[in-house]
Every structure is written in structure tokens, then in C-alpha cells.
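Following: one structure in C-alpha cells, then a few remarks.
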Amino acid sequence: LLEKHQESIQISFVLIFVVVALLLLLAAVWVGVNLAAQLSHPISNLIAAAQRIGKGDLTARVKADSTADEIGTLSRAFNRMTEQLETQQLGLMEANRELDERRRFSEAVLTGVSAGVIGLDRTQRITLHNRSASQLLATDLDNATGTGITAIFPEITAMMEEARNRPDRLHQAEIRVSRDQGARTLLVRVAAERLDREIVGFVVTFDDITALQSAQRK
């Protein structure tokens, strides 16, 4: 009887083996898909957060658990980096705001000063000026930023050389200038700005003393 049904029993065993193998394969595939999803989901979150950071949103964070695996460590490091970037950005914005307020205050002060004031960089190029400087030199200095002072005010060349050679002292002299409006005498002062004994700029101030000299002569 067994010999008669041996072939059918073998076929049944083969079928059972195939079914069990398929079940095991499906289980392995399901486990692999779950593991891949667990790995890809945090990485996708990191990619999305990095794209938000690239667009300027420094508040982007990723969900980081307390696990000690590589993904958790990477997520926590990413969050620390974004927090530092956000803190630095806020600090820079605050510093820029303070600088802008100081610049407006300086401009307001310079506007109300009757003396001419010109700020220069270390190469003696104009960085700022007030309205009185334009009036006393009879020159529109609004478009003179970056221009050498000697091109606008050639009479001051010798004083600028002295200021460069002796930056530790204030240089003062009476300079007579001639423009289309006529000749006038300016009391000019040049002071060098230094940082760690290195010249970082110059400040030139001047007043019109033509009327004072005329009164003294009279």
C-alpha cells in the first residue's frame, strides 16, 4: 500500500516544502522591507531638513531618538549643527542691527556738524563724508566713495603723507583752496585711526576760517 502511494506522498512532501519555502521567503522579504523603511525614513527626514536649511530655514530639525546607532547619532549631530547656525544667524542679525543704528546715529551727528568731515580707509580712499565737506570743498562728494582724497582735495597731499609717516600725532595746518566760488582758507586736521599699531584709516576735519582771518586783519 505504501509503495502504491509512495509517489503521491513524495509529491505532497514537495508541495509542502515549496509552500514552506515560499512562506519563509515572503517573511524574509517583509522583514527586509520593514528594515529598509526604518533606515530610509530617518534619512529622508535628514534630506528634507537639509533642503529646508539650504533655503534659509534654520529652524529645521529632525526627530532624534536616544538610540546609539549611527542614524540616531547623525540626527543629533544635525540638530546641534542647525541650532548653532540659528544662534549664529541671530547673533549676526543683532550685530548688523546695532551697526545700522550706529551708522544712522553717526550720519545724523555728522549732518548737524558745521565742520567738514571725511572718513578714509587705509589707502586714503573716501568711505564717508558729511554735507559740510561737500559745501566747503565746493564738490559733490555723494558719488566720491572709493575715490582717493588727493583727487578731490589735492591741497591736502602733504598733510596725508605726514599723517601716514607719523600716525601717532594729530596733524593740523591752514590750507588755502581755490574753487569756482573763490578762494578760502581751511583749518584742516588729519588723524590716523590705528588698531594694534596698524593704520586702518584716517579722519579729516576742516573748518572755514576765511572770515575769522579777515576779521583778525581788520
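Taking a ≥ b ≥ c as the square roots of the eigenvalues of the Cα gyration tensor, an a/c ratio of 1.5 or more together with a/b larger than b/c marks the range 66-116 as prolate. Centre-to-centre separation between the Cα atoms of the range 97-163 and those of the range 30-82: 53 Å. Calculate the FRET efficiency for N79 and V31 from the Cβ-Cβ distance with a Förster distance of 30 Å, rounded to the nearest 0.05. Approximately 0.50, to the nearest 0.05.
Taking label positions 7 Å along the Cα-Cβ direction at both I9 and D65, the computed distance is 5.0 nm, reported to one decimal.
I need to check one value: relative contact order of the chain, counting alpha carbon pairs closer than 8 Å and at least 6 residues apart, in percent. The normalised contact order for the chain reaches 13 percent. Applying the criteria of a DSSP loop state and at most 13 other Cβ atoms within 10 Å to the trypsin sites (Lys or Arg not before Pro) of the range 37-112 yields K55, K63.
Protein heavy-atom surface of the chain, 1.4 angstrom probe: 58% of the accessible area is carbon and sulfur, with nucleic acids and ligands not counted. GNM on the chain, alpha-carbon springs under 10 angstrom: the most fluctuating residue among D140, D65, D208 is D65. For the pair T157 and V200, the difference between a 0.36 nm per residue extended length and the Cα-Cα distance amounts to 13.7 nm. Placing a label point 7 Å from the Cα of D57 along the Cα-to-Cβ direction, the residues of the range 9-48 whose backbone N falls under 16 Å from that point are 44-48. Sorted largest first, the principal axis extents computed over the alpha-carbon atoms of the chain equal 150, 33, 27 Å. Extension gain for T127-Q213 works out to 27.8 nm (0.36 nm per residue, less the C-alpha to C-alpha distance). Straightening the chain between R176 and E101 buys 23.3 nm, computed as 0.36 nm per residue apart minus the Cα-Cα spacing. By the helix-only formula, in which each DSSP H run with n ≥ 4 contributes -39500 (n - 2.57) and the sum is divided by residues, the chain has a 222 nm mean residue ellipticity of -19500 deg cm²/dmol.
The values are calculated or read from the model by the stated rules, or taken from the named source; none is laboratory data. Because the structure is predicted, anything quoted here is derived from the model rather than measured. Quick reminder, even Gly has a Cβ in these numbers, built from the backbone with ideal geometry, and neighbours come from all protein chains shown. Heavy atoms of the whole protein, side chains included, go into the accessibility calculation; ligands, DNA and RNA do not. Shrake-Rupley method; radii C 1.70, N 1.55, O 1.52, S 1.80 Å.
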